[in-house]
Structures are given as C-alpha cells and as structure tokens.
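The values are calculated or read from the model by the stated rules, or taken from the named source; none is laboratory data. Given the structure is predicted, the values throughout are model-derived calculations rather than measurements. Using ideal geometry, Cβ is built from the backbone for each residue, glycine included, and neighbour counts are taken over all protein chains shown. For the accessible areas, the whole protein counts, side chains as well, though only heavy atoms, and no ligand, DNA or RNA atoms are used. Shrake-Rupley method; radii C 1.70, N 1.55, O 1.52, S 1.80 Å.
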Amino acid sequence: NQTICWGEAGVWISQLQLTNFRNYARLALQPDAGLCVLTGDNAAGKTNILEAIFLCALGRSHRTTRDAELVREAQQAGAVALTLQTRGGTRTISCRLMAGERKRLIIDGTPLSRSGELLGCLNVVMFAPEDLLLVKGGPGERRRFLDMEISQLKPAYYYTLQQYNAALKQRNALLKDEACLSAGLLEPWDEQLSRLGAAITVERAEFLSQLAALASETHLRLSGNRETLLVAYQPNLPDVAPDRLAAAMRERLFDSAERDVYRGSTSVGPHRDDVALVLDGSDVRVYGSQGQQRTVVLSLKLSVLETMKRLRGETPVLLLDDVFSELDRRRQRLLLEAVQGCQTFITSTHLEQIEAAGALRMQVYHVSGGNVVEV
C-alpha cells in the first residue's frame, strides 16, 4: 500500500499544557500539525489528553458533568492551556478548575462571562467508543450530537437552545398544577417555546440536510459500495414552511395542554426530535450488527468533519479515542485518507496497526502513568 502523507492543517494546536489535570501533575506537549499518536497501555492516561483538548473547545468534558473529577486527586485546583495556530494568527485558550467554584474559561487572556463565548474558537470532532450510543442509544443521544455540532458552527444556536430549555423547565413546573389551564399561565411560555423551538427545528433541518448527503457518500465508500445509509431528520413539529413553524407549534401546545397537565411534561417541541438511521432499508439501531453500527457512527463523524470544512473554510481538530483497533485494515486506511489535512490525535495500544495502515510522518508519544515521552 502507498503511504499516506500529512499536509499542514489549517488550524492546529501547537502547545498543550496540563496542570493537576486527571492523572497528570504537569504535562507540556508541542504537537505537530499532522498526525499525533498517543500510545500506551489501557488506563495510562491517553484519553485524558484528548479530554483536555475537548474541554478547551466546548467548555466541558465529554466524559463527566462534574468538573471536580477533572482535578488531580488530593489537589484543590487544576488547569488546561493550549496555543492554537490559525490563519488569523496565534490564539490561546485556557480553563482553570478550582474546588467548589465554577471553572474559568479564558481566551487570549480575557476571561469569558459565558461558556458559549468559547464555541467556534477551536472546532473539534471526536470519535470515541461511547459514540456507539449515537446508534444504540435513545433519541436524546442523537439530539445531543446535533446540538453539539451545530453549536460549534453557530454559537448563537447554543444560546437559543439554553433559552428553550429554560422556558421548557418553567412550563413543566407549571404543569404540576392543573389550575394553570384556567389561569392562562401557560400562554407566555407557549409563546416563548414556539418561537425558540421553531428556530431550533430550522437549524437542525438545515444542518442534517447537508450532513445526510455526505454521510451517505462516506458510508458507501467505507462499506466498499455494499451498503446505502439514509440519515433523516424526524422533527416533532409538522412539516410546514419555516415561517409557519412557530404558529404550528403554538397550536399543538394549546391542543395538548390538558394531556400535558395529566402527564406533567410538555409533549410538543424539538426536545422530542429524533434522527432516523436506515441501512439498506432497515433501521440500523435495531437490525445493524456491531460492525455496521460502528461504521455508521464513523460515517456521521467524518461527515461532520467535511461539513465544518465547507462551512467554516478551515479544518477542525480530530480526536480519535481508541477506535482504530475496532476497524478492519481497509477501513483504517480509508479513515487515515479521510482525515489528511487535519491535525489528528489518535490514542492506541497498538502502534503497529497505524503504521500498517500506511500512515507516514507520525508524531508518536508513549504514555505511562502520568508521564508522556516522545518516541
């Protein structure tokens, strides 16, 4: 097989520093713009490095909602800092973690007042073993996937989503008392939910229309032209023109009010959306094998990568956590070909698999018990 060379990435991390983060007392890395392989035994701390990058991109961990878990055991504070090279110049992002306090996010030396201000500064695409839940899990997993990727591309969407969830919480609280119907207490919240819900539905539909075509092409390639993947948005709102969505949602909320009071929750809105994943006419969530489900997830992630390239005009950073060994040789090679031009971090216990797939110009770090050494 011909070897795969790595070009310079459009956006890349040139420095990464960890202080009392997870199992690292101190760590300083200077990654290349291409392929960076973190190798070592299981539980050595490879994933912690990817988690630190993810934290600086989205302001939260992909593994826990408890920031206290990110601080090294027996320490009161921890930090992550990275230097980012972009077409517009050098930028810095840091996250400071303190026991009993909210984390502090800082861009170019300026503290952020809201975590949403971080979105879009560093775009990442992550593929980890738990991403199989995208296929095997419930609708909430697929909504979370949509929300995370759209928020990176359009930070305003993140704030719309926050406002929607706050209004939904208020309406659900009112539903606990059936007197809310006669008092007309639901109407202001119905108005808010309808306006915000329509905006969310429009953004999800637009994003998925682009993603679906790319995912279908990518899956066909990954499956050796043997399987056809259909990705389809399943909105909870009716199929009407975007300018009619808010009115349609208001009507449905009004019609469902008595039923919602009985259930104690709101039954209408994008918080009940789903995404259909159909492989050769069958629901891959139900009938797909483990290998087929993994390939579907990979197709979705690589399609997000391409969508970000097209919409932002720059490459995101790709994080591949312990997924290489789960793919056969042909899919391994196709994966490496697909991510050329992106700075890519791969964790693996078997470096020889990456070498055998044809990768060239790798930067290799060996990770062991909180120590990282470039090989």
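Table for the structure above
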{"read-out": "Length-normalised contact order of the chain in % [C-alpha pairs under 8 Å, at least 6 apart]", "value": "27"}
{"read-out": "Charge dipole of region 237-322 about the Cα centre (unit charges at C-beta), most positive-ward option of GLY269, LEU319, VAL284", "value": "LEU319"}
{"read-out": "Angle between the chain longest axis and helix 242-255 axis [Cα atoms, degrees, rounded to 10]", "value": "60"}
{"read-out": "Solvent exposure ordering (accessible area, 1.4 Å, most first) of ARG272, ARG102", "value": "ARG102, ARG272"}
{"read-out": "Largest to smallest accessible area among SER94, SER209 [probe 1.4 Å]", "value": "SER209, SER94"}
{"read-out": "Whole-Å semi-axes of region 67-189's equivalent ellipsoid (Cα gyration tensor)", "value": "34, 20, 18"}
{"read-out": "Label-to-label distance, nm, for residues given as ARG104 and GLN15 (7 Å Cα→Cβ offset)", "value": "1.9"}
{"read-out": "Rounded to 10°, Cα long-axis angle of helix 139-153 versus longest principal axis of the chain", "value": "70"}
{"read-out": "Listed peptides 331-340, 117-126, 295-304 by packing density, highest first (mean Cβ within 10 Å)", "value": "295-304, 117-126, 331-340"}
{"read-out": "Calculated P(r) over Cα pairs in 20 Å bins from 0, in percent (choose from [x] 27, 54, 19, 1; [y] 26, 48, 23, 3, 0; [z] 31, 61, 8, 0), label", "value": "[x]"}
{"read-out": "Reach of LYS46 by Cα under 20 Å, taken over aspartates and glutamates that are not fewer than 8 positions away in the same chain", "value": "ASP32, ASP67, GLU69, GLU73, GLU130, ASP131, ASP321, ASP322, GLU326, GLU352, GLU355, GLU374"}
{"read-out": "Computed lengthening from ALA68 to SER368, 0.36 nm per intervening residue step minus Cα-Cα distance", "value": "105.7 nm"}
{"read-out": "Sequence of PHE254, PHE207 when ordered by accessible area, the most exposed leading, probe 1.4 angstrom", "value": "PHE254, PHE207"}
{"read-out": "With Cα atoms, 0 to 90° folded angle of helix 290-312 axis to the chain main axis", "value": "90"}
{"read-out": "Built amide H within the under 5 Å cut-off of VAL268, gap 5+", "value": "none"}
